[in-house]
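Heads up, the thing below is written out as structure tokens.
The values are calculated or read from the model by the stated rules, or taken from the named source; none is laboratory data. Remember, it's a predicted structure, so these values are computed and weren't measured experimentally. Keep in mind that these areas ignore ligands, DNA and RNA; they rest on the heavy atoms of the full protein, side chains included. Shrake-Rupley method; radii C 1.70, N 1.55, O 1.52, S 1.80 Å.
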Amino acid sequence: MDHESSLSESTPLLSPPSNASLRENHFPHFPPVAVAVQRILELERLIVDEDLFADSSPIQGPANEYTVAISTAYALVILLEARKRKQTLIPTGYDIYKDWVSITKVKTQESLLEDAITRRWTSFISEYRSIVELDILFWTTFPYTNAISKSQLRGIS
């Protein structure tokens with residue numbers, strides 16, 4: 001059977017991406033999303049920088065071409081979830097001054113988180129990225145907790 005006779009209109013022009021298994025893998029070196037977010041939110045003075053994710057190596061051994069996409073996906077999920085949690089804090093309504101101070105602090109922290117999100121995203125797209133890397137960035141899921149459940153987050157969630 002020659003090559004032309006094995007093709008039909010139902011044959012895809014492009015083979016399916018080989019990164020599907022990468023996106024579905026669990027990365028045991030990443031702490032669960034809830035743990036990492038809690039660690040960020042518990043900081044007395046919210047400092048979000050690259051060092052926060054330094055101990056989170058997604059792949060054991062040497063880096064591969066997808067390491068940057070995977071670690072960026074993880075960082076963005078953490079930062080976006082932390083910003084979401086900050087936005088849901090509700091003032092008590094009992095002490096106007098304390099509520100104002102609390103809201104001001106939250107708004108400052110939200111701003112820091114948004115700056116960190118923008119820096120991480122800008123850093124990622126400052127170089128050419130393949131379709132596979134973008135696919136990994138947007139669709140890789142990370143477990144929310146240590147519990148064995150289907151609760152997972154991804155950048156597009």
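When you scan region 65-107, how many residues do you find that are open to solvent by less than 80 Å² (accessible area, probe 1.4 Å) and in a helix (DSSP H, G or I)? Total satisfying the criteria: 25. Of all the criteria given as (1) modelled with pLDDT of 90 or more; (2) open to solvent by less than 60 Å² (accessible area, probe 1.4 Å); (3) in a loop (DSSP other than H, G, I, E, B); (4) not acidic (Asp, Glu), the one not satisfied by residue 137 is (3). Here residue 114 meets each of (1) open to solvent by less than 60 Å² (accessible area, probe 1.4 Å); (2) modelled with pLDDT of 85 or more with one exception, condition (1).
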